[in-house]
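The values are calculated or read from the model by the stated rules, or taken from the named source; none is laboratory data. Worth saying up front: this structure is predicted, and the values here are computed from it rather than measured. Quick reminder, even Gly has a Cβ in these numbers, built from the backbone with ideal geometry, and neighbours come from all protein chains shown.
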Amino acid sequence: MIVERFLSPPLDDNAYLVVDETSKEALVVDPALASQTILEKAKELGTSIKFILNTHGHADHTADNAPLQAATGAKIAIFEVEAGRLQRNARESVWYLSSPPPASKADILLKEGSEVRVGSLVLVAFHTPGHTEGSLSFYAPSQGLLFSGDTLFAGSCGRTDVAGGSPARMVMSLRRLGLLPPETRVLPGHGPETTIARETWIANLAYPVV
């Protein structure tokens, strides 16, 4: 497996290209505004992008869904209760984008436990609400790898004082992720990579976080 990380505007988002080396199939986790760079790297690696996975529907993570899909034919996948955000993003202005992103629509509505496969690589969808009501984390058990979106960061977590956020649910989601094997690599939606073992603060959560 190859994982390429791209630091993208507008909010220093992490976009990930994940490649199964045997089949040369790939997926993208949260393209942000990095579609052109992702496409260039995919061409360099000789890989075909099959899926665009959204950890949640905020525009900073999903802005390039449509152009990346147009270039690759990849299917967009997001948690079922989060899908409506993709349509709303195209109608609403946000301070961190100069204009609303082009509309995109989910091809696959994920549920808790849904699996996405490229070649021999399997990612399992974990419903981890708190930042939004339909936030997902994607776990690759065979690789010991977690794409945590805006749920778990290195040393902190995503904001809960936004529409759809819930401090109490964030605590529940963090505690769930804290039960993963300590060596699990965590690739978040913002900031540096970490591991479950490093995030010892999760075990001490005793009240809702903001």
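Conditions: (1) modelled with pLDDT of 95 or more; (2) basic (Lys, Arg); (3) assigned to a helix (DSSP H, G or I). Residue 88 meets all but one. Number of the miss?
Just one mismatch for residue 88, condition (1).
Show the residue pairs that are 6+ apart or on different chains and have beta-carbon atoms under 8 Å apart, the first residue being within the range 130-148 and at positive phi, the second being of a type in the set (S, T, N, Q).
130/151; 130/160; 130/166; 130/173; 144/184
Kindly indicate the residue of the range 123-164 that is of a type in the set (Gly, Ala, Ser) and modelled with pLDDT under 95 and also surrounded by the most Cβ atoms within 10 Å (Cβ to Cβ) among those meeting that condition.
164
Has the range 37-44 got at least one residue that is of a type in the set (Asp, Glu) and out of contact with any strand residue (DSSP E or B) (no Cβ under 6 Å at 6 or more places or on another chain)?
The answer is yes, given that some residue of the range 37-44 is of a type in the set (Asp, Glu) and out of contact with any strand residue (DSSP E or B) (no Cβ under 6 Å at 6 or more places or on another chain).
Looking at 97, 121, 109, which is the one that is more than 25 Å from residue 49 (Cα to Cα) and out of contact with any Gly (no Cβ under 9 Å at 6 or more places or on another chain)?
97
Of the residues that sit in the range 37-58 and are touching a helix residue (DSSP H, G or I) at 6+ places or on another chain (Cβ under 8 Å) and among the polar types (S, T, N, Q), which one is nearest to residue 107 (Cα to Cα)?
In this case the residue turns out to be 54.
I'd like to verify a number: residues in the range 167-177 that are buried (at least 19 other Cβ atoms within 10 Å of the Cβ) and not basic (Lys, Arg), how many?
Qualifying residue count, the range 167-177: 5.
Sort out which residues of the range 91-113 are at pLDDT below 95 and loosely packed, with under 14 Cβ neighbours inside 10 Å, and write them in order of number.
Residues satisfying the conditions are 91, 92, 93, 95, 96, 98, 99, 103.
What number of residues within the range 1-51 satisfy the criterion of being part of a strand (DSSP E or B), closer than 25 Å to residue 158 by Cα and not charged (D, E, K, R)?
Number of matching residues: 13.
For the range 1-24, which residues satisfy the criterion of being closer than 16 Å to residue 138 by Cβ and touching a Phe, Trp or Tyr at 6+ places or on another chain (Cβ under 9 Å)?
Across the range 1-24, the qualifying residues are 3, 4, 5, 13, 14, 15, 16, 17, 18.
Residue 161 is checked against (1) without any contact (Cβ under 8 Å) to a residue 24 or more places away in the chain; (2) in a loop (DSSP other than H, G, I, E, B) and fails just one. What number does that condition carry?
(1)
Restricting attention to the range 62-77, does a residue exist that is over 23 Å from residue 186 (Cα atoms), among the hydroxyl-bearing types (Ser, Thr, Tyr) and crowded, with 16+ Cβ neighbours inside 10 Å?
Checked the range 62-77: at least one residue is over 23 Å from residue 186 (Cα atoms), among the hydroxyl-bearing types (Ser, Thr, Tyr) and crowded, with 16+ Cβ neighbours inside 10 Å.
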